[in-house]
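Asks: Can you read through this structure? Questions will come right after.
Please treat every number below as a calculation from the coordinates, not as lab data. Owing to the predicted nature of the structure, the values given are computational and were not obtained by experimental measurement. Cβ placement follows ideal geometry from the backbone for every residue including glycine, while neighbour counts extend to all protein chains displayed.
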Amino acid sequence: MAYSERELLARLIKCEAGGEGDTGMKAVASVVMNRVHVADGEYLRTGQGDLRRIIEQPYQFTCMMPEAYGEFNPQTVWSCPPEQIHYDIADWALSGNVLPAVAPCLWYYNPFSSTCESTFPRNGSGSLYNRINEHCFYQPTSLYYQT
């Protein structure tokens, strides 16, 4: 399906953080847009400032994978139609807003535990910045800029 960028972002927000409240959804949307606007590193090279390229980059967002952890993924952007709140948050992010609590962050993940790893991804290119609801958020380290 060929979704507009707004629709794709709204679907990603719902799928990745739909149960996290406005703040959690804005945090996820902020990270996605941070990747779009980053000035250097992997996301600049692969995304080239294009939202669709950032979202569709392989293995970045579980909701974009038909399979996850070797099994069928029932929760994807294709199976999670957004509601008005998800469009509102997508519009908020597309208008240039960023949640200050995750302003420098390029990554997030849900550890399914009460603690966050100190670095993410595993190569150490991100360091823990904040936790909002169920997600841990990571800012780039100097290693990111070498990717």
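Asks: What distance in nm separates the simple spin-label points at ARG53 and ASN123, each placed 7 Å from Cα in the Cβ direction?
Replies: 1.8 nm
Asks: Cysteines without a disulfide-compatible partner in the chain, using Cβ under 4.7 Å as the rule?
Replies: Lone cysteines by the Cβ rule: CYS105.
Asks: Could you calculate the contour length gain from SER113 to THR147, that is, 0.36 nm times the residue separation minus the distance between their Cα atoms, to one decimal place in nm?
Replies: This chain segment gains 9.4 nm when fully extended.
Asks: Helix check for the chain. Which DSSP H runs span at least 27 Å along their own axis by Cα, with a mean Kyte-Doolittle hydropathy no less than 0.5? Mind dumping the intermediate values first?
Replies: Details: long enough: none.
None pass (Cα extent of 27 Å or more, hydropathy at least 0.5).
Asks: Report, in whole Å, the centroid distance computed from the Cα atoms of the range 1-46 and the range 84-147.
Replies: The range 1-46 and the range 84-147 have Cα centres spaced 10 Å from each other.
Asks: Taking amide hydrogens as modeled 1.01 Å from N in the peptide plane, which residues meet the under 5 Å criterion relative to GLY126, leaving out close sequence neighbours?
Replies: Residues meeting the criterion, in which the H sits 1.01 Å from N, are PHE120, THR141.
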